[in-house]
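The values are calculated or read from the model by the stated rules, or taken from the named source; none is laboratory data. The structure presented is a predicted model; accordingly, all values stated were derived computationally and were not measured. Because the Cβ atoms are built from the backbone with ideal geometry, glycine has one as well, and the counts that use them run over all protein chains shown. Surface accessibility is based on the protein's heavy atoms, side chains included, excluding ligands, DNA and RNA. Shrake-Rupley method; radii C 1.70, N 1.55, O 1.52, S 1.80 Å.
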Amino acid sequence: MTYLLALDQGTSSSRSIVFDEQGHIVAQAQRELPQIYPQPGWVEHDPLEIWRTQLATAREALEKANLQASAIRAVGITNQRETTVLWNRKTGLPVHHAIVWQDRRAEPACAALREQGKAGTIQAKTGLLIDAYFSGTKLQWLLDHVPGARAQAERGELAFGTVDSWLMWQLTHGEVHVTDVSNASRTMLFNVHTNQWDDELLALLRIPKSLMPSVQPSSSHFCDVAPDLLGHAIRVGGVAGDQQSALFGQACFGAGMAKNTYGTGCFMLMHTGTTFQTSQNGLLTTSAAQAGTQTEFAMEGSVFVGGAVVQWLRDGLRAISTSGEVESLAQSVPDSGGVMMVPAFTGLGAPYWKPDARGTITGLTRGSTLGHIARAALESIAYQSAALLLAMSRDAVAAGGAPVSELRVDGGACINDLLMQFQADLLGIPVVRPAVIETTALGAAYLAGLSSGVYGSTTELSQLWRAERRFVPTLGKARAQELMERWELAVRQATLE
């Protein structure tokens, strides 16, 4: 039997999963990752803790699978994207905590870029809208605010990386500084047409090129894990940012195929093939995971607060003691009773891009209960995702394609049947949950398996994909439209200046 090991470094935890060649999970291990909130709107991680937890889970997963590292054909890495690490090349130590994708401290720098009229140039080269979400302005902030960092960077003493680069640096004891196209495409510094760091964008943000990792296709030989870490040298053969990895793991290889990942945030991607398409509806264009040298693209929309709204019910409101209780609390009422929740805790992402929006609960009456609020919180995940898919379908039709005809789903919250049914009802198309919902890790394993000869082609991978359940719409189109109109009203109330 051939085995693949996926390292899945996420926002709230580090995980490692051993897959067999059929894509079945053999063993997995997970460690929570502490979140650091220095001040409102700021979110950080300790990069050394990222590495410690990731290495610990890799060792634990191998132990649980009762396998030696020599039995693993290849390692795939998938990671929280945009999270920015800056470290000293000589010591290997970070110069500051990692700045997490959710962090908003770089918004003033983004506002300055918009005022300078740079939005068109940046979108044309990178596919991205100017936003503090992306790595470029986070890196700029570190260089400007960490004492001595800019001078060190200009002397070539520092290295920048997203979490994948940081992990590969650690896995090779500082021998390799590399990333893949999907992670590079999320920095606001990478030209997705040429697959190279863009000199004009680097100069615009005053970022020395010596900081940047080399860039490879997502399925290629990146490095070999140092033998002392897991007991044997293993090839790292696949790397992709978590959302592109999930698109790959869902076997969405053709134009028009779409998936939505329900994690801390929600991330919807629609493959557009080799076509770079600029959205007219507030979506991003991003590099898809690349199995070869051919550039491939996807349209993407991001919901900043998805499953995190359930964590807020648990930790902020203390309405539930475990996240798993939310479904039964929401089902204690037949509907939300007119309560609408817009969980804009860190602003609103696509298709709204309202950084100043704040969370609101509207439609409360004397009869409103915690059950109604829990139901409205769950439904807010589906409403935000529906707004994304409707925008995506408008873009697809405008480009001469067809609207999305089914949505493949994954991530922790997709196990919630109530949420998935409501999602299908709002969208009016089937929502399909796969047999393996760990598609982010599976995508990384597939990318590693492709480059190491376990799989011959993406056609072979398509045949491995299996549906576990299809949620078919049960709501009339008029009622679904009425609900979406109520949602849009609630969004306007959350973004009143």
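Among the conditions (1) outside any loop (DSSP other than H, G, I, E, B); (2) in contact with a Ser or Thr (Cβ under 6 Å, 6 or more places away or on another chain); (3) of a type outside the set (Gly, Ala, Ser); (4) over 16 Å from Arg486 (Cβ atoms), Met420 misses just one, which is (2).
Within the stretch 149-168, residues that are closer than 28 Å to Asp224 by Cα and touching a residue at least 24 places away in the same chain (Cβ under 8 Å) reach partners that are acidic (Asp, Glu) and buried (at least 22 other Cβ atoms within 10 Å of the Cβ) with beta carbons closer than 8 Å, at six or more positions or on different chains, in the pairs Thr162/Glu82; Asp164/Asp180.
Does Phe304 satisfy the criteria of being over 19 Å from Trp465 (Cβ atoms), in contact with a strand residue (DSSP E or B) (Cβ under 7 Å, 6 or more places away or on another chain) and not basic (Lys, Arg)? Taking the combined requirement at face value, the residue satisfies it. Can you pull out the residues in the stretch 423-443 that are part of a helix (DSSP H, G or I) and either in contact with an Asp or Glu (Cβ under 7 Å, 6 or more places away or on another chain) or among the small types (Gly, Ala, Ser) (or both)? Selection gives Ala424, Thr439, Thr440, Ala441, Gly443.
Inside the stretch 243-278, residues that are farther than 20 Å from Ala382 by Cα, under 19 Å from the mean Cα position of the chain (by Cα) and open to solvent by less than 30 Å² (accessible area, probe 1.4 Å) make up a count of 8. Scan the stretch 102-121 residue by residue and report those that are under 22 Å from Gly10 (Cα atoms) and either in a helix (DSSP H, G or I) or open to solvent by less than 10 Å² (accessible area, probe 1.4 Å) (or both). If the condition is that a residue be under 22 Å from Gly10 (Cα atoms) and either in a helix (DSSP H, G or I) or open to solvent by less than 10 Å² (accessible area, probe 1.4 Å) (or both), then Asp103, Ala106 are the ones that fit.
When the test is whether a residue is open to solvent by 40 Å² or more (accessible area, probe 1.4 Å), farther than 26 Å from Ala288 by Cβ, at pLDDT below 95 and outside any helix (DSSP H, G or I), Leu489 does not pass it. Scanning the stretch 290-304 for residues that are open to solvent by less than 10 Å² (accessible area, probe 1.4 Å) and either closer than 18 Å to Trp101 by Cβ or in contact with a Lys or Arg (Cβ under 9 Å, 6 or more places away or on another chain) (or both) yields Ala298, Glu300, Gly301, Ser302, Val303. Being in a loop (DSSP other than H, G, I, E, B), surrounded by fewer than 23 Cβ atoms within 10 Å (Cβ to Cβ) and not acidic (Asp, Glu) is the filter here, so list the residues in the stretch 131-165 that pass it. The answer is Val146, Pro147, Gly148, Arg155, Gly156. Looking only at the stretch 458-469, residues that are free of Cβ contacts under 8 Å to residues at least 60 places away in the same chain and either over 18 Å from Met257 (Cα atoms) or under 24 Å from the mean Cα position of the chain (by Cα) (or both) come to 4 in all.
Of all residues in the stretch 1-26, exactly one satisfies the criterion of being within 16 Å of the chain's Cα centre (by Cα), modelled with pLDDT under 95, surrounded by 18 or more Cβ atoms within 10 Å (Cβ to Cβ) and not β-branched (Val, Ile, Thr), namely Gly10. Those strands (runs of 3 or more DSSP E) of the stretch 311-415 in which 2 or more residues are touching a residue at least 24 places away in the same chain (Cβ under 8 Å) and under 30 Å from Ala111 (Cβ atoms) occupy 340-342, 360-362.
Listed here are the strands (runs of 3 or more DSSP E) enclosed by the stretch 170-288 that have at least 3 residues being under 17 Å from Gln9 (Cα atoms): 178-180, 235-241. All conditions but one from (1) open to solvent by less than 10 Å² (accessible area, probe 1.4 Å); (2) under 24 Å from Leu86 (Cα atoms) apply to Ala29; the one that does not is (2).
For the stretch 290-312, give me each residue that is over 22 Å from the mean Cα position of the chain (by Cα) and at pLDDT 85 or above.
Gln294
Please indicate, with yes or no, whether at least one residue in the stretch 452-467 is among the polar types (S, T, N, Q), crowded, with 17+ Cβ neighbours inside 10 Å and in contact with a His (Cβ under 7 Å, 6 or more places away or on another chain). No, the stretch 452-467 contains no residue that is among the polar types (S, T, N, Q), crowded, with 17+ Cβ neighbours inside 10 Å and in contact with a His (Cβ under 7 Å, 6 or more places away or on another chain).
What number of residues in the stretch 127-154 are out of contact with any strand residue (DSSP E or B) (no Cβ under 6 Å at 6 or more places or on another chain) and under 26 Å from Thr278 (Cβ atoms)?
The total comes to 9.
Among the conditions (1) more than 20 Å from the chain's Cα centre (by Cα); (2) open to solvent by 10 Å² or more (accessible area, probe 1.4 Å), Thr440 misses just one, which is (1). Applying the criterion of being among the basic types (Lys, Arg) and surrounded by fewer than 24 Cβ atoms within 10 Å (Cβ to Cβ) to the residues of the stretch 73-93, the residue that is nearest to His232 (Cα to Cα) is Arg73. Regarding Ser70, is this residue under 23 Å from Arg186 (Cβ atoms) and either open to solvent by 10 Å² or more (accessible area, probe 1.4 Å) or out of contact with any Pro (no Cβ under 8 Å at 6 or more places or on another chain) (or both)? No; evaluated as a whole, the condition is false for this residue. Scanning the stretch 192-211 for residues that are within 22 Å of the chain's Cα centre (by Cα) and open to solvent by 20 Å² or more (accessible area, probe 1.4 Å), we see that the one that is nearest to Gln290 (Cα to Cα) is Asn195. Pairing each residue of the stretch 237-263 that is on the phi > 0 side of the Ramachandran plot with any residue that is of a type outside the set (D, E, K, R) and part of a helix (DSSP H, G or I), provided the two are 6+ apart or on different chains, yields C-beta distances under 7 Å for Ala251/Leu461; Ala251/Ser462; Gly256/Ala396.
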